[in-house]
Amino acid sequence: MKKKIIIAAVGNLTQSWAVIADDYIRRIERVFTLETIIIRENRLPPENSGGYEKELQKIFFSLIPSKAGLGVCSPEGKSLDSPGFSRLIFSQFEKNDCLVFAVGGGQGIPEAVKKKADTILSFSNMVFPHMLFRIMLFEQIYRAITIRNHHPYHK
């Protein structure tokens, strides 16, 4: 049975970005089962209300299976190079059947979700549009696979 990766992300992926994402998704699905769960911000309480973070926290926790590793993507996290990211993914799969990557919206990830994380990852000190970041995450997951399999994609 294939190991599973879940990308739980706040926001939508517009059609123009989805075309690029679909290419990486197809490549990843040769090795892992991949599920992308979109948490629509317009279904959450207003960001400036006290209920936004609490509701988002509840949603994230409901999406994490019991035997899953949790990686939170957040600017204050640990920076890894691509081989380090590959090692992280495959070491998580040594002890878990599933790996969840949580990607926040404009307000980031609730603190309670960060506290539950096995790792907090930073792709950069810069802030990226969420659609672009998700494509970067897909690409790095695919790159992690190619590194593990000694494929020439990663040189």
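Read the figures in this text as sums done on the coordinates, not as results from a lab. Just so you know, these numbers come straight off a predicted model, no measurement behind them. All Cβ positions, glycine included, derive from the backbone under ideal geometry; neighbour counts span all protein chains shown.
Have a look at Ile135, Ile89, Ile59 and tell me which one the Gaussian network model of the chain (Cα, springs below 10 Å) gives the largest fluctuation.
Ile59
Quick one: helix 130-148 against the long Cα principal axis of the chain, what's the angle to the nearest 10°, folded into 0 to 90?
Relative to the chain, helix 130-148 is tipped by roughly 30 degrees.
Rank Thr33, Thr119, Thr14 by mean-square fluctuation in a GNM of the chain with C-alpha springs under 10 angstrom and give only the top-ranked residue.
Ranking Thr33, Thr119, Thr14 by mean-square fluctuation puts Thr14 first.
Test of understanding: what is the full-extension gain from Trp17 to Asp118, defined as 0.36 nm times their sequence separation minus their Cα-Cα distance? Walk me through the intermediate numbers first.
Working: separation 101, 0.36 × 101 = 36.36 nm, distance 2.89 nm.
Residue separation times 0.36 nm, minus the Cα-Cα distance, leaves 33.5 nm.
What distance in nm separates the simple spin-label points at Asn48 and Ser62, each placed 7 Å from Cα in the Cβ direction?
2.7
Placing unit charges on C-beta atoms (Lys and Arg positive, Asp and Glu negative, everything else neutral), compute the dipole magnitude of the chain about its Cα centre in debye, rounded to 20.
On the way: 21 positive and 15 negative charges, 101 e Å.
Charge dipole, the chain, about its Cα centre: 480 debye, nearest 20.
If you take the charge dipole of the chain about its Cα centre, with +1 on Lys and Arg Cβ and -1 on Asp and Glu Cβ, which of Ser16, Ala117, Met131 is farthest toward its positive end?
Of the candidates, Ala117 comes out farthest on the positive side.
Please sort by residue number the trypsin sites (Lys or Arg not before Pro) in segment 16-111 whose DSSP state is loop and whose Cβ has at most 14 other Cβ atoms within 10 Å. All intermediate terms of the calculation are to be shown ahead of the outcome.
Numbers: sites: Arg26, Arg27, Arg30, Arg40, Arg43, Lys54, Lys58, Lys67, Lys78, Arg87, Lys95; in loops: Arg30, Arg40, Lys67.
Qualifying residues, ordered by number: Arg30, Arg40, Lys67.
Which residue, Glu55, Glu29, Glu94, tops the fluctuation ranking in a GNM of the chain built on C-alpha contacts under 10 Å?
Comparing Glu55, Glu29, Glu94 in the GNM, the peak value goes to Glu94.
Nearest 500 deg cm²/dmol is fine: what mean residue ellipticity at 222 nm does the chain get from its DSSP H runs of n ≥ 4 alone, each adding -39,500 (n - 2.57), divided by its residue count? If you can, show how the numbers build up before the last one.
Values: 5 runs with 66 residues, N = 155.
When only DSSP H runs of four or more count, the value is -13500 deg cm²/dmol.
Just to check I understand the Karplus step: with θ = phi - 60° and J = 6.51 cos²θ - 1.76 cosθ + 1.60, what whole-Hz values come out for segment 28-44, glycine and proline as x?
4, 5, 5, 10, 10, 7, 10, 10, 10, 10, 9, 9, 6, 4, 6, 9, 9
If one takes the longest principal axis of the Cα atoms in the chain, at what angle in degrees, from 0 to 90 and to the nearest 10, does the Cα axis of helix 51-63 lie?
30
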